Amino acid sequence: MKLLIFIPARSGSKGIKNKNMADLNKRPLIYYTLNIAKKIRRNAYLFISTDSKKIIKYCKRFGFENRYLRPKSLSKDNSSMFPAVMHGVRWIKKNYGKTFDAILLLQPTTPIRQLKELKLAINLFRNKKLKSLISVTRMKEHPYDCIQLSGNKWNYLVSAPKKANRRQNYEKKFYLINGAFFLAKVNFLKKNKSFINNKNTKFFVQKSERAVDINTPEDLSIAKALMKKK
């Protein structure tokens, strides 16, 4: 299986300025994703998709050569991931003549990963001939306790069965897509324009303490605390 490791790292961000280069325990946030990608790239091709010359310069210092600069039209706050991924895939084919069977998306905003788990997921994807595999963690905020407000009206996000009157009786089937990795066949991506669909996507369950998707300064603080604990 010819695998592309795709790291999206645009410069803009609403919650944290220059988020992908934000300090996390005295290293740029993107460092942690580059570091784990470096350990699995022997059997894959690594590609950084960014519109930032500063990030390109840092990646070069880290050992990654990259001549690609993502167009600003694909680097906005409301830009979706699929067009950026496919633009990068076409650029690699045009400039290096390389094509791929599958794409592993590693977002710098999810810095806490285990190499053993990531390798396990890749092997599972390959050996089971999966089309789409996405990381999830069990939800801490259970839907039975979540409400939806609309003016003066409200309702539970998911209504609990009568027997679930205590937390100990809650169903354990609710999970969160945590952003640690998205893995899909290229043909699947082209057909669905997404890494996920209802029919073919399978899920890889991770431990909850690794479900840190950084969008705010508070998320950075949580990640710092978890890393120090680890």
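So here's what we get for this one:
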{"item": "Candidate set: the range 56-79, residues that are assigned to a loop (DSSP other than H, G, I, E, B) and touching a helix residue (DSSP H, G or I) at 6+ places or on another chain (Cβ under 6 Å); chosen: the one farthest from Tyr31 (Cα to Cα)", "result": "Tyr68"}
{"item": "Options Lys19, Lys26; residue that is within 17 Å of the chain's Cα centre (by Cα), farther than 19 Å from Gly88 by Cα and among the charged types (D, E, K, R)", "result": "Lys19"}
{"item": "Pick from the range 1-10, criterion within 18 Å of the chain's Cα centre (by Cα) and not in a strand (DSSP E or B), ranking: modelled with the highest pLDDT", "result": "Ala9"}
{"item": "Condition check for Phe82: in a loop (DSSP other than H, G, I, E, B), aromatic (Phe, Trp, Tyr) and touching a residue at least 60 places away in the same chain (Cβ under 8 Å)", "result": "no"}
{"item": "Looking only at the range 24-55, and only at residues there that are touching a helix residue (DSSP H, G or I) at 6+ places or on another chain (Cβ under 6 Å) and open to solvent by 20 Å² or more (accessible area, probe 1.4 Å), the one that is nearest to Ser73 (Cα to Cα)", "result": "Leu46"}
{"item": "Every residue from the range 107-139 that is free of Cβ contacts under 8 Å to residues at least 12 places away in the same chain and within 26 Å of Ala22 (Cβ to Cβ)", "result": "none"}
{"item": "Top-ranked residue in the range 105-143 [being in a helix (DSSP H, G or I) and open to solvent by less than 10 Å² (accessible area, probe 1.4 Å); ranked as nearest to Ile55 (Cα to Cα)]", "result": "Leu118"}
{"item": "Conditions (1) in contact with a strand residue (DSSP E or B) (Cβ under 8 Å, 6 or more places away or on another chain); (2) modelled with pLDDT under 90; (3) under 19 Å from Pro8 (Cβ atoms); number of the one not met by Tyr175", "result": "(3)"}
{"item": "Residue, farthest from the chain's Cα centre (by Cα), within the range 198-214, restricted to residues that are part of a loop (DSSP other than H, G, I, E, B) and either β-branched (Val, Ile, Thr) or at pLDDT 95 or above (or both)", "result": "Asn200"}
{"item": "Test: residue in the range 85-94 that is loosely packed, with under 14 Cβ neighbours inside 10 Å, under 22 Å from Ile48 (Cβ atoms) and modelled with pLDDT under 95", "result": "no"}
{"item": "Flag if Ala102 is open to solvent by less than 30 Å² (accessible area, probe 1.4 Å), at pLDDT 95 or above and out of contact with any helix residue (DSSP H, G or I) (no Cβ under 9 Å at 6 or more places or on another chain)", "result": "no"}
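Per-residue answers, yes or no, for (1) part of a helix (DSSP H, G or I); (2) not aliphatic (A, V, I, L, M):
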residue	(1), (2)
Gly12	no, yes
Lys17	no, yes
Ile30	yes, no
Arg42	yes, yes
Ile48	no, no
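The values are calculated or read from the model by the stated rules, or taken from the named source; none is laboratory data. As the structure is a prediction and not an experimental result, all values here were calculated from the model. Here the Cβ is made from the backbone with ideal geometry for all residues, glycine too, and neighbour counts use every protein chain on show. These area figures cover heavy atoms from the full protein model, side chains too; ligands, DNA and RNA do not enter into them. Shrake-Rupley method; radii C 1.70, N 1.55, O 1.52, S 1.80 Å.
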